[in-house]
Every structure is written in C-alpha cells, then in structure tokens.
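Before any comments, here is the structure.
The values are calculated or read from the model by the stated rules, or taken from the named source; none is laboratory data. All of these numbers come straight from a predicted model, not from anything done at the bench. Note: ideal-geometry Cβ built from the backbone for every residue, glycine included; neighbour counts use all protein chains shown.
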Amino acid sequence: MAQYIDPSLDGGDFEDFPDLSDGDDDGAWDDEDDGGAGVEVRCLFCDRTQPSPEETFTHCRAQHHFDIHQIISQHGLDFYGYIKLINYIRSTSCSAESLSNVTDPKPWDKEEFFKPVIPDDGLLQYDFEDMDHGGEKSSDSNRNAEPLLNDRLKQAEIRAQEAEATLANALQELHRMRQLAQDFVMNADVRCGSSSAGAIADLDENEDGAYFGSYGHFGIHEEMLKDAVRTESYRNFMYQNSDLFKDKVVLDVGCGTGILSMFAARAGAKKVYAVDQSEIVYQAMDIIRLNKLEDRISLIKGRIEEIDLPEEKVDIIISEWMGYFLLFESMLDSVIYAKDKYLSAGGAVYPDRCNISMVALCDPEKHTGKLTFWDDVYGFNMSCMKKAVLPEAIVEFVNPDTIISEPFIIKDINCLTAAVKDLDFCSDFSLPITRDGACTAVAGYFDMFFEKDCHTPVSFSTGPTCVRTHWKQTVFLLEKPLAVSAGKTLDGKITVRKNRKDPRSLIITLSVNGITQTYMLQ
C-alpha cells in the first residue's frame, strides 16, 4: 500500500528518563515536614544562607532582583516546574538576569532537573501550593510527587522493554532472511527454458523485503551519489536539456535520496512524484524539505506496482534502475510497468537507450588465483571447490591491459518500447581478437544514453577503458583458458534470464568453443 509522505512533518526525539534515586534519604519529599522552616537555606545566586525559604526568596528579590512569584506566574509553573527551576538554577549557576529573558522552550524543562542538586534542599521542601495560592496548602502535592515520578519511570521501562522486543523481532527476521539466502544458494535453479517475465510485479512484500531493506541504509546511496559518472550524467542531461522538463509532470521510479527528483525540479518540472519502497524515503523527505522543494516534489512510499499516483498520466519518467551487468536487480521491469501505466502519449523515459557489450580477457594471474589455487591448498587437493567458484560471476574492475578483443554488443534496449519479456534474451557474439594470448574470461559492461529530443545528448559507459563507476564490470571465468590469435574471432553464444526463484538475480549461460557454462549473478 502506498504511503504519502508530508515533507513538513518532523519526528520526535526520545530522551531517556534520568535516575532520580538520591540514596535512601527521602527527606526532600517528606510530606510531614514543616515547609523547610528551621533549616539553613542557601541562596540561589550566592553563598549566603537564611533560616527559612521565605527569607531566602526575600533575599533573592532584594539582592539579586529575582522574584520567584513573578517567574512562576510568568511561565505558569506547576509543582514539577518549580522543582526543575530550582535545580536548574543550582546546577547551572545561571544569573538572575538571564532568567528574566527566558522564552519557550524553557531551559529547565528537562527531566534531568528533577534530581536535587543539594541534599535536603530547603527550597525543595517548601510548600509550593502555599506559596502559589496564598496560604492554601495542599499536602497531597508533595505526597503524590514521588509516586508520580515512579509511574513515569515505569513507563520509561515499559518503552525500553518494547524497544528490546522490537529489536529481537528484527534480529529474528534477519536470521530468517539469511536462512532463505542460504537455501537459495543450495537450491539455485540453473535449468533453462522457464520464463520469468512479470515475476517482479508478483513478488510479495516478504519475498522482496531484503532487496528494499538493503536500500534503506545510507551506505549504498552514499556510494551511488559519490559515483560522479552516474550522478553528473543525470544532472547534465536534465540541466542541459531543461526545455524538456519545463512545466512537465515527472515520475521518479526508485527515487532513493531524491537526487534525480531534485534535479528535475531544478530543471523546471512543475511536479515530481518520487516513489520508493525502502525506508530511505524518510530521509529523502528531510532532504527535500531542507532544499525547499517540497512544493514541487511529492514523496510516495510503496512499490510502483502497488500504488496509485494522484495523476493519471505523467510526461516524463526518470529512473536510475541499472544493476550489475545492466539487468541485475530487475528494476527495469518496474520502469516498464510505470511506463505502460502512467506515461502519456508522446511522453519520454530517460535514459531512453542502453546496451550490453562483451570483451575477451587474458588474465592468467587472476585465473590462477581464482581456480588453479584450489588444486593445492597447503598440500591438500581442494579442486572440488572449483565447482562452487566457477559458476559465480565476479563483479570487479577489469584491468584494461588484460583486454584482448574488440567489444561486441549483445543487447540493445529502447527503454520507451521495451517489454519485460524482451529482457530475457539469447545472443550470438563474435569477438575480434586484437593480440595473441590465452582467453581466461569474458567480461560484460553497459552503456547508457540520454538522447530522445535532446539538443545536448548525454551518455556514459561502464566499460573497463572508461572512468570507473560503482557498477564495475562483470567477469565470467572460463574453466580452461582458450588459445586465441590476433585477427581471428572468438565466437560464442550467451543466454541471459531471470532466476525463477529470485527474479532479481540473473542466470547467464555462456557457450564458447563448444564448452557451455552457467553462471549466477546474485
């Protein structure tokens, strides 16, 4: 269910209730006392003492121009407010003059000032009700003070217990998700032929919780924002083609911290709907408010497949949906869903075009480190581990010096016309070899384009010869290196499809030189 977020709302902070215990001496709360008469009472602002609270207040008024009656009346203090005021003055050694200019919130209005500064303080034993109401005493006030404070302590303990229970439930859920992940690895479906089209829209909240949960932490968003190639490409596209956004209604699918929504608003969009299912949307609320864009950006918490926008159609859809090897995480499925449901006739999706390319690698050292290593591990044969290592696609930065072929595009995607079924595909490839060597792996990467109706087109690449991005490259190790020669081609076939058991992960089958290997990207 969608949750509409009002950026004008603030959350509240909870302060732990302080320890009010002051030993076993209950004299300060004894309702059988005589209001403090007969004890030496120290002044609030100097070291002089008086024989009673009344005389102390008279001294404060005459010598320090501090009138307790005026302060009580001015701020409407009750018994608890009076107690906290006295302890605040004693603990902070503030001047009488500073108290005459106090405004809300009152500096003494904190639970920590319930604790007496001076044991058996005569001013705390003084009958507040008598002073405030001209002699009409209310012994019930002092009698009830300590039980009321104990009640508040009990309430604080209950809240702490509830917080502990919530944490325990969260840890239990985390354990459950880890177990599901382990089961998935052990039972991964590597069979070919089943279609996963539309599977993302069918995932329920529990199945997809781990995915959105990972995007609730600031760390992943920090990594993406610091990726200058990624973030500046989106910014440059919108700022340099602001005519596309002027007075338009924009939908941001998977808004995260809201950076793309804010770019769109600054570029001239009259309204931006920013949608995200993860908890980061609450941080985005504060970010948008801090930048005074809440009048143009509306945040909606929920999956795009489950919400209803306040408007039937939008003019532009923007999204940073790309994952490793472009299609990992299957966020493009959500963009396609949003396009089919909300995009107006003549509308645009950005980025509007992308492709996936492959290159051949010669990196014997990496191959040895990942596979040959298991043949002799401290004198033991662990070669059986290769069966677990080889099928796992590796996301890493490829050394450009290890590239031994020209790239080959295995998939072109037009984001405006693509359907979910198009994202499971097979492609033949032919890699022109540029130098002699042994092909130890092939690597994949993607390029993105912002071109439709743009007078200043923008593009970027995640290839190994370009500026590094957080997407890196995806490497598929070959079980045995293949000898190749410059001027020849390395031919093969690649099949890419969603994993039926986890549609956000990919199963990639690679056939090269008659040898077929299936890889998991998860």
Restrict the check to segment 237-251 and report whether at least one residue is within 19 Å of the chain's Cα centre (by Cα) and more than 18 Å from residue 335 (Cα to Cα).
-> no
Any residue at all in segment 493-500 that is of a type outside the set (A, V, I, L, M) and at pLDDT 95 or above?
-> yes
What are the pairs, 6+ residues apart or on separate chains, where a residue within segment 154-183 that is within 19 Å of residue 522 (Cβ to Cβ) has its Cβ under 8 Å from a residue that is of a type in the set (A, V, I, L, M, F, W, C) and at pLDDT below 70?
-> 177/210; 180/210; 181/210
Taking the condition in contact with a helix residue (DSSP H, G or I) (Cβ under 7 Å, 6 or more places away or on another chain) and either assigned to a loop (DSSP other than H, G, I, E, B) or not acidic (Asp, Glu) (or both), does residue 107 pass?
-> yes
Within segment 464-490, residues farther than 22 Å from residue 391 by Cβ and not aliphatic (A, V, I, L, M) come out as 464, 465, 466, 468, 469, 470, 485, 487, 488, 489
Subset of segment 369-414 [within 30 Å of residue 353 (Cα to Cα) and among the polar types (S, T, N, Q)] = 399, 402, 405, 414
Within segment 344-356, of all residues that are crowded, with 20+ Cβ neighbours inside 10 Å and among the aliphatic types (A, V, I, L, M), the one farthest from residue 424 (Cα to Cα) is 348
Going through segment 342-360 one residue at a time, which ones are more than 21 Å from residue 245 (Cβ to Cβ) and either modelled with pLDDT under 95 or not polar (S, T, N, Q) (or both)?
-> 356, 358, 359, 360
Starting from residues that are of a type in the set (D, E, K, R) and more than 18 Å from residue 264 (Cα to Cα), keep the ones in segment 307-326 and report whichever is surrounded by the most Cβ atoms within 10 Å (Cβ to Cβ).
-> 308
In segment 409-445, which residues are surrounded by fewer than 21 Cβ atoms within 10 Å (Cβ to Cβ) and outside any strand (DSSP E or B)?
-> 416, 417, 418, 419, 421, 422, 424, 434, 435, 436
For residue 309, indicate whether it is over 21 Å from residue 343 (Cβ atoms), without any contact (Cβ under 8 Å) to a residue 60 or more places away in the chain and hydrophobic (A, V, I, L, M, F, W, C).
-> no
Could you tell me which residue of segment 263-281 is nearest to residue 304 (Cα to Cα), considering only residues that are assigned to a loop (DSSP other than H, G, I, E, B) and within 21 Å of the chain's Cα centre (by Cα)?
-> 277
Selection count where residues are buried (at least 19 other Cβ atoms within 10 Å of the Cβ) and more than 32 Å from the chain's Cα centre (by Cα), scope segment 380-408 = 6
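Please verify whether segment 294-306 includes one or more residues that are crowded, with 18+ Cβ neighbours inside 10 Å, under 18 Å from residue 415 (Cα atoms), within 20 Å of the chain's Cα centre (by Cα) and without any contact (Cβ under 8 Å) to a residue 60 or more places away in the chain. Give the derivation first.
If we filter segment 294-306 for residues that are crowded, with 18+ Cβ neighbours inside 10 Å, which is where we start, we get 296-301, 303-304.
Next, from what is left, pick out any that are under 18 Å from residue 415 (Cα atoms): 304.
This time we only want the ones that are within 20 Å of the chain's Cα centre (by Cα), so: 304.
If we keep only those that are without any contact (Cβ under 8 Å) to a residue 60 or more places away in the chain as well, we get 304.
The answer is yes, given that some residue of segment 294-306 is crowded, with 18+ Cβ neighbours inside 10 Å, under 18 Å from residue 415 (Cα atoms), within 20 Å of the chain's Cα centre (by Cα) and without any contact (Cβ under 8 Å) to a residue 60 or more places away in the chain.
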Picked from segment 208-255 (must be of a type in the set (Asp, Glu) and surrounded by 15 or more Cβ atoms within 10 Å (Cβ to Cβ)), the residue modelled with the highest pLDDT is 252
Among the candidates 433, 403, single out the residue that is among the β-branched types (Val, Ile, Thr), in the same structural domain as residue 370 (by TED's automatic domain parsing) and in contact with a Lys or Arg (Cβ under 6 Å, 6 or more places away or on another chain).
-> 433
